[in-house]
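Let me begin by presenting the structure, written as structure tokens, before commenting on it.
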């Protein structure tokens, strides 16, 4: 599954959200209160059994619509900001578009976890979940 | 580069560290002061130009020696702890072994970034760098 040049990232789940367009997903730093469900794939569902309402977790997503060729951006997509190298920004466009989302768990039901705030569009792959330490 | 089932993660760099064995890398929560260098690949080196000494960043690694089949672990590898589902732990063994390391930038030199504390073994692939917000 890996060679010298890449590793295969297999989603553990998917975001179900009312946000359907990238432009509806606010930038980091202007977080809303958007609720979303995460559905965990059955192959790895055993990995979520100790997650419960009230937990603070970090959801890692794969921002699948991002442009992976981008190395410099205008932060917040605002041309009044200086052109900045991507690893010094939270831009979704970057070589490996991993999103980090600190959220609260609102509810757990079967293979689904309800969280907020999660500003990711419907269908965004989830690649990992970790507790906040 | 992607199909329905996986995405190709291409390292942006590599950790150079005095830690050579996994057992030398302390668990989360018992952080040392280990210094390490990150060397950024030349294809993406433009993405680091605005990172400077004093910055607080999050380094994302791919814990390439992890066991990706693990869904439950004894936290801190201690059998006195209850067997816990991996997404409720910081175990390195998990389906997508992404490491999250909040670190300080000590020095930047060419394509290298010196950081601490980074408890990752020599040769660990780096997949992303983001500023702490």
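The values are calculated or read from the model by the stated rules, or taken from the named source; none is laboratory data. Keep in mind it's a predicted model, so treat the numbers as computed, not measured. Cβ atoms come from the backbone with ideal geometry, glycine included; neighbour counts cover every protein chain shown.
Of note:
- Selection status of residue B:76, at pLDDT below 95, within 13 Å of chain A (Cβ to nearest Cβ), surrounded by fewer than 17 Cβ atoms within 10 Å (Cβ to Cβ) and out of contact with any helix residue (DSSP H, G or I) (no Cβ under 7 Å at 6 or more places or on another chain): yes
- Qualifying residue in region A:114-121 (condition: facing chain B (nearest Cβ under 7 Å), over 16 Å from residue B:131 (Cβ atoms) and at pLDDT below 95): no
- Among the residues of this structure, residue A:94 counts as one that is within 28 Å of residue B:41 (Cβ to Cβ) and either at pLDDT 95 or above or out of contact with any helix residue (DSSP H, G or I) (no Cβ under 8 Å at 6 or more places or on another chain) (or both).
- Of the residues screened, residue A:88 is not one that is within 12 Å of the chain's Cα centre (by Cα) and surrounded by 19 or more Cβ atoms within 10 Å (Cβ to Cβ).
- The lone exception for residue B:82 - which of (1) in contact (Cβ under 8 Å) with a residue 12 or more places away in the chain; (2) in a loop (DSSP other than H, G, I, E, B) it fails: (1)
- On inspection, residue A:102 qualifies as surrounded by fewer than 16 Cβ atoms within 10 Å (Cβ to Cβ) and in contact with a strand residue (DSSP E or B) (Cβ under 9 Å, 6 or more places away or on another chain).
- Of all the criteria given as (1) away from chain A (no Cβ under 11 Å); (2) under 20 Å from residue A:51 (Cβ atoms), the one not satisfied by residue B:84 is (1).
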